[in-house]
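K.L.:
Quick one: the structure is below, questions incoming.
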C-alpha cells in the first residue's frame, strides 16, 4: 500500500490522473441552465432524424464543445415501437467527445449507458421514440435527458438525474419542482413537500358531508393532511372536519355535526387543508 499524489513540478502526470482529478471539480453534464438550448435535441424538418444544437459539455473531467448544428439520422422502426438514446460519448482512446445514437430494441426500454472509470463514458442528451411506419421524427417523439452542471449543486429532470450519485449530492429537480439529495440509495426531499388549499362546501339537510379533493401535484408518498373549518358563522359552530382516505393524489374531506343534527345549511363554507409529506 502506498500513497499516490499529483500533479507536481518535474513529475510526469498522465491523462488518466488528470481525469481523476478534474472529474471531482464538477459533475458530468451539459454546461447550461434549464430552458436554454445548450446541446438540446430538436426535431427539425420532415426527416427521420434530429438536430443537436450547439453547446458545451463536461464529462468525467473532459471538456467538449459542438460549434454548429449537427444532424443525426434515426433508423426507421420495425414492426414494434423502439426507444433510442442520443448520448454524448467520451472515448479517451480516441481523444474525443461526440454525439452518437444508441439504438433500442423491441423491449420498449431505452438502451443502457456505458460508464467506465477509465474508458468510454456516456451521458444522455435525449430519448427518441421511433414509431412503426413513421417517416419523420416530431417534437412529441423527443424526451429531454440532459443533466445540467455548472456548480457542485446540480440541475436535472427525472430523466437526467446523475447515474452514479454520491451520498448527500444535492440538486434541483425541474420535473418535480423541488430540491433533492441522494441518501440511503434513493433521492430524498431536502425539505418537506407542502401543499395547501381551501374548499368551499355547500349542502343542507344532512348530518355529515364528504367531498373529494385533488392535490395540485401528486406527492412522492402518502402525506399527512390536517383540516380546519375557517369560519365562526353559526351554521358551522357544531361541525368538525377531518381528512380521510388519504392517497398520493387526493383525499376525502369529511365534515360532520358533532351533535348529529341535520338542520344546518352550508353555502360555500370554507374549509382549509394542509398536506405535508416528509420522506
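The values are calculated or read from the model by the stated rules, or taken from the named source; none is laboratory data. This structure is a prediction, so every number in the text was calculated from the model and none was measured. Methodologically, a virtual Cβ is constructed for each residue, glycine included, from the backbone with ideal geometry; neighbour enumeration extends over all protein chains shown.
K.L.:
Every residue in region 221-230 that is touching a strand residue (DSSP E or B) at 6+ places or on another chain (Cβ under 6 Å) and either more than 24 Å from residue 191 (Cα to Cα) or part of a loop (DSSP other than H, G, I, E, B) (or both), please.
P.N.:
221, 223, 229, 230
K.L.:
Testing residue 218 on (1) under 30 Å from residue 33 (Cα atoms); (2) assigned to a strand (DSSP E or B), one condition comes back false. Which one is that?
P.N.:
(2)
K.L.:
Also, I was wondering about something else. Would you confirm whether or not region 20-41 contains a residue that is within 26 Å of the chain's Cα centre (by Cα), farther than 23 Å from residue 169 by Cβ and surrounded by 17 or more Cβ atoms within 10 Å (Cβ to Cβ)?
P.N.:
Yes, the conditions are met somewhere in region 20-41.
K.L.:
Out of curiosity, is residue 278 under 27 Å from residue 177 (Cα atoms) and surrounded by 12 or more Cβ atoms within 10 Å (Cβ to Cβ)?
P.N.:
Details: under 27 Å from residue 177 (Cα atoms): yes; surrounded by 12 or more Cβ atoms within 10 Å (Cβ to Cβ): yes.
Yes; evaluated as a whole, the condition is true for this residue.
K.L.:
Another one. Taking region 40-68 only, how many residues are closer than 20 Å to residue 95 by Cβ and in contact with a helix residue (DSSP H, G or I) (Cβ under 8 Å, 6 or more places away or on another chain)?
P.N.:
Result for region 40-68: 3.
K.L.:
Another question about this same structure. Mind listing just one residue for me: the one in region 87-115 that is under 20 Å from residue 164 (Cα atoms) and in a strand (DSSP E or B) and, of those, modelled with the lowest pLDDT?
P.N.:
Across region 87-115, the extreme among qualifying residues is 115.
K.L.:
List pairs: first in region 191-215 and at positive phi, second loosely packed, with under 14 Cβ neighbours inside 10 Å, Cβ under 7 Å, 6+ apart or cross-chain?
P.N.:
Once the first residue is at positive phi and sits in region 191-215, its partners that are loosely packed, with under 14 Cβ neighbours inside 10 Å give 205/262.
K.L.:
Which residues, counting only those in region 191-232, are more than 30 Å from residue 176 (Cα to Cα) and surrounded by fewer than 12 Cβ atoms within 10 Å (Cβ to Cβ)?
P.N.:
Correct list: 202, 205, 232.
K.L.:
Let me ask you something else. Any residue at all in region 240-255 that is surrounded by fewer than 17 Cβ atoms within 10 Å (Cβ to Cβ), farther than 17 Å from residue 212 by Cβ and assigned by TED's automatic domain parsing to the domain that holds residue 213?
P.N.:
yes
K.L.:
Can you go through 141, 177 and tell me which one is within 24 Å of residue 81 (Cβ to Cβ) and either touching a residue at least 24 places away in the same chain (Cβ under 8 Å) or buried (at least 16 other Cβ atoms within 10 Å of the Cβ) (or both)?
P.N.:
141
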